[in-house]
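Working notes for the structure below.
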Amino acid sequence: MQSWFSILMLFGVAAGFGVFTVFVSQLLGPRRPTPEKQAPYECGVPPVGDARERLSVKFYLVAMVFLLFDIEVAFLYPWAMALRDIGWAGYIQIVLFTAVLASGYVYIWRKGILDWGPHARRRPASVVRGYGDGSRTAA
């Protein structure tokens, strides 16, 4: 029961800290709003355009891939804590798990999901080697 009490106490301290900081900021914060103070702050640059513009699908793909790999890494922590108890069978399972993750990463890398910038045009081999007739000078 002691372990549950410490977890409950942690949640209580976290919630209390949040309420305390909001209360103190309301108490000590500035009270004279101006249009300049009310404007959204975006890295020192005045905001331009609509905040609700559509984003590229690649943005969402990269975000989902990040979440997927981030959550998968969370499975490694319990495995590391139980390594002595699970023995070689658990070790082989985590090696296979990591191999599947690595193959998925290589797959999305090869598919170009992680490329955000514009694609560089590849020139045909004949243009790179010469002008089609084998020479390197224009005739």
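The values are calculated or read from the model by the stated rules, or taken from the named source; none is laboratory data. The model shown is predicted, which means the values in this text are computed figures rather than measured ones. Cβ atoms come from the backbone with ideal geometry, glycine included; neighbour counts cover every protein chain shown. Accessible surface areas use protein heavy atoms only, side chains included; no ligands, DNA or RNA. Shrake-Rupley method; radii C 1.70, N 1.55, O 1.52, S 1.80 Å.
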Exercise. Are there trypsin sites (Lys or Arg not before Pro) in the range 11-109 that DSSP marks as loop and that have at most 16 other Cβ atoms within 10 Å, and which are they?
Worked result: Arg31, Arg52, Arg54
Exercise. Are there GluC sites (Glu not before Pro) in the range 13-113 that DSSP puts in a loop and that have at most 16 other Cβ atoms within 10 Å, and which ones?
Worked result: Glu53
Exercise. How much solvent-accessible surface does Thr98 expose, in Å² to the nearest 10, with a 1.4 Å probe and all protein chains in place?
Worked result: 70
Problem set entry | In order through the range 5-18: 3J(HN,Hα) via Karplus (6.51 cos²θ - 1.76 cosθ + 1.60), integer Hz, x for Gly, Pro | 5, 5, 5, 4, 5, 4, 4, x, 5, 5, 5, x, 5, x
Exercise. Given the range 1-115, what whole percent of its Cα pairs are spread farther than 21 Å?
Worked result: 71
Exercise. What list of ³J(HN,Hα) couplings, whole Hz, do you get for the range 104-109 from phi and the Karplus terms 6.51, -1.76, 1.60, once you set θ to phi - 60° and write x for glycine and proline?
Worked result: x, 5, 4, 4, 5, 5
For this session: Pop out the ³J(HN,Hα) list for the range 39-48 in order, Karplus 6.51 cos²θ - 1.76 cosθ + 1.60 with θ = phi - 60°, rounded to Hz; leave Gly and Pro as x.
Result: 5, x, 9, 10, 6, x, 10, x, x, 10
